[in-house]
Amino acid sequence: MRPLTIRMHASDNVAIVANHGGLPAGTVLDSGLTLKDRVPQGHKVALCDLPAQSAVLRYGIPIGYALQDIAAGSWVHERLLAMPAARGLDHLPMATVKPEPLPELEGYTFEGYRNADGSVGTRNILAITTTVQCVSGVVSFAVQRIKAELLPQFANVDDVVGLEHSYGCGVAIDADGAEIPIRTLRNISLNPNFGGEVMVVSLGCEKLQPERLMPPGAIPINDQRGEALDVVCLQDEGHVGFMSMVEHIMATAQRHLTRLNQRRRETVPASELVVGVQCGGSDAFSGVTANPAVGFCTDLLVRAGASVMFSEVTEVRDGIDQLTSRASSPEVAQAMVREMAWYDAYLARGRVDRSANTTPGNKQGGLSNIVEKAMGSIVKSGTAPISGVLSPGEKLRQKGLIYAATPASDFICGTLQLAAGMNLHVFTTGRGTPYGLAEVPVIKVATRTDLARRWHDLMDINAGTIADGDKTIEEVGWEMFHLMLDVASGRHKTWAEHWKLHNALVLFNPAPVT
């Protein structure tokens, strides 16, 4: 294959090498430039001489400043760059971009489960909520028996999952910030994929009592049942031995399974999709292939009237001016600033800054720092106006493109998007990760063809075809859109579903642990 480099913006003075395996020193590029160093795939090459202290431009913005003179044709890596200071949160452009409205996308539907509260599920799952980590072992044992002995009797129920976590006791439950994990767990229990069937397993002595987790009015009353909160308390005197606890959980689960089994899919508009987008194990191709394709698909979903959430505060922080300018109103822009400021203060309390975000794998994949990573992350959000902002753990109550503030951790971000009401998840990766969620289908998108080839039974879409020149961003975006409708309808299972791969839920808890 001839030498391939990708330049993201006309003003960029670096480009990334697209060839699998990189390019050796002495390679002559189409421009006539000769490489002075071997440059690995995804890493940057200087397109001109870069004097010390000069800006290194990618995506049309400075991603760093040269620590020494860098000759044209040289490999530009993180050790040669000083990271720019974080953009201040004052004097930002507020709701200044007013794009022409995109035409509505009509006529697209999927087969989903309509809930009593009006939401729509893409799966029909019994979720067993836990109030405290102490009960996780018992619940896990019971879930395995339910799957083996009860679930086969209920053909219309997809799965049974235990909502296990590490919260509930040994924490300062009344401290500032404690409301975040509590509302997160509450709202996950009400995710559309669970059909309004709330079942709770409690130990009995924990700080997070069931009534605090699910106060009166938290659960939409289902006409098919009389009770508002169904709790199995392991410390109840009626339990004699371990198996009596398990049998109680199974008997309670059977009632909920019976009701869930009555649900049927029905044709609903694509506007009922609530999609969370996220990236993990990112590389320099994330912002070239997979994330732009997700961004194009995001625009399609917004045109269809759906809800799309993008997140990961640290991975958009350096593009805050891009986001506030796209806000639908000054109030939405100010809400984004509020979330960035809160997270800045949170990191400062831990005596770390945003530079701690990039991993060794990110750097091996060509990302020099969080600034470069952020520019590639933001493009998942497409071009639509940002119509709302969610704080961590809050429930989504509007359509359009939403900024859901979360940490960048894959597991915490996925957990918080579940709490917001996500019924379908899209996850892009360049280095590769077997990430999955038991509660919602996860569509995995590879940034490179080599990853898609090696992980052929883990990746659902190969966006590397964009870098290869075989497909356009738009073509992969439409492919993703149609796959979403098939997955949401249950016509197609993702690889993560096929292998039953899922990560544990991680509740974001900024409050002290006692």
Open item on the list: Step by step: first the residues of segment 481-514, then only those that are modelled with pLDDT of 95 or more and among the small types (Gly, Ala, Ser), then the one that is nearest to Ser409 (Cα to Cα). Which residue is that?
Closed with: Ala496
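Conditions (1) open to solvent by less than 10 Å² (accessible area, probe 1.4 Å); (2) touching a Leu at 6+ places or on another chain (Cβ under 9 Å); (3) not small (Gly, Ala, Ser), marked per residue:
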residue: Cys413; (1), (2), (3): yes, no, yes
residue: Ala420; (1), (2), (3): yes, yes, no
residue: Lys444; (1), (2), (3): yes, yes, yes
residue: Asp460; (1), (2), (3): no, yes, yes
Open item on the list: With the requirement that a residue be free of Cβ contacts under 8 Å to residues at least 24 places away in the same chain and either of a type outside the set (D, E, K, R) or under 30 Å from His256 (Cβ atoms) (or both), what does segment 87-133 give you?
Closed with: Gly88, His91, Pro101, Gly107, Gly118
Open item on the list: Exactly one condition in (1) under 26 Å from Leu501 (Cα atoms); (2) open to solvent by 10 Å² or more (accessible area, probe 1.4 Å); (3) touching an Asp or Glu at 6+ places or on another chain (Cβ under 6 Å) is false for Arg186; which is it?
Closed with: (3)
TODO: Could you list, in sequence order, all residues of segment 325-384 that are among the basic types (Lys, Arg) and within 19 Å of the chain's Cα centre (by Cα)?
DONE: Arg354, Lys373, Lys380
Task: Filter result (among the aliphatic types (A, V, I, L, M), open to solvent by 40 Å² or more (accessible area, probe 1.4 Å) and farther than 30 Å from Ser271 by Cα) within segment 73-109 - done: Met83, Ala85, Ala86, Leu89
Open item on the list: If I go through segment 397-421 residue by residue, how many of them are touching a strand residue (DSSP E or B) at 6+ places or on another chain (Cβ under 8 Å), in a helix (DSSP H, G or I) and either over 13 Å from Arg183 (Cβ atoms) or small (Gly, Ala, Ser) (or both)?
Closed with: 5
TODO: Check Glu372, Glu439 and return the single one that is of a type in the set (D, E, K, R), buried (at least 21 other Cβ atoms within 10 Å of the Cβ) and assigned to a loop (DSSP other than H, G, I, E, B).
DONE: Glu439
Open item on the list: Considering only residues that are without any contact (Cβ under 8 Å) to a residue 60 or more places away in the chain and touching a Gly at 6+ places or on another chain (Cβ under 9 Å), which ones fall in segment 1-26?
Closed with: His9, Ala10, Ser11, Asp12, Val17, Gly22, Ala25
Task: Residue list for segment 338-362, restricted to those being surrounded by fewer than 19 Cβ atoms within 10 Å (Cβ to Cβ) and under 19 Å from Ser377 (Cα atoms) - done: Asp344, Asp353, Ser355, Ala356, Thr359, Pro360, Gly361
- [ ] Please work out which one of (1) open to solvent by 10 Å² or more (accessible area, probe 1.4 Å); (2) touching a residue at least 60 places away in the same chain (Cβ under 8 Å) is the condition Ser286 fails and give its number.
- [x] (1)
Task: Per-region count, segment 1-31, residues polar (S, T, N, Q) and in contact with a strand residue (DSSP E or B) (Cβ under 6 Å, 6 or more places away or on another chain) - done: 3
Task: Pairs, first free of Cβ contacts under 8 Å to residues at least 24 places away in the same chain in segment 136-161, second assigned to a strand (DSSP E or B), C-beta under 9 Å, six or more apart - done: Val143/Ile128; Val143/Val160; Val143/Val161; Val143/Gly162; Lys147/Asp159; Lys147/Val160
TODO: Evaluate segment 201-215: report whether one residue or more is surrounded by fewer than 16 Cβ atoms within 10 Å (Cβ to Cβ), among the hydrophobic types (A, V, I, L, M, F, W, C) and modelled with pLDDT under 95.
DONE: no
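The values are calculated or read from the model by the stated rules, or taken from the named source; none is laboratory data. Just so it is clear, the model here is predicted, and its values are computed rather than measured. With ideal geometry, Cβ positions are generated from the backbone for all residues, glycine too; neighbour counts draw on all protein chains shown. Areas reflect the complete protein model, heavy atoms only, side chains present, ligands, DNA and RNA absent. Shrake-Rupley method; radii C 1.70, N 1.55, O 1.52, S 1.80 Å.
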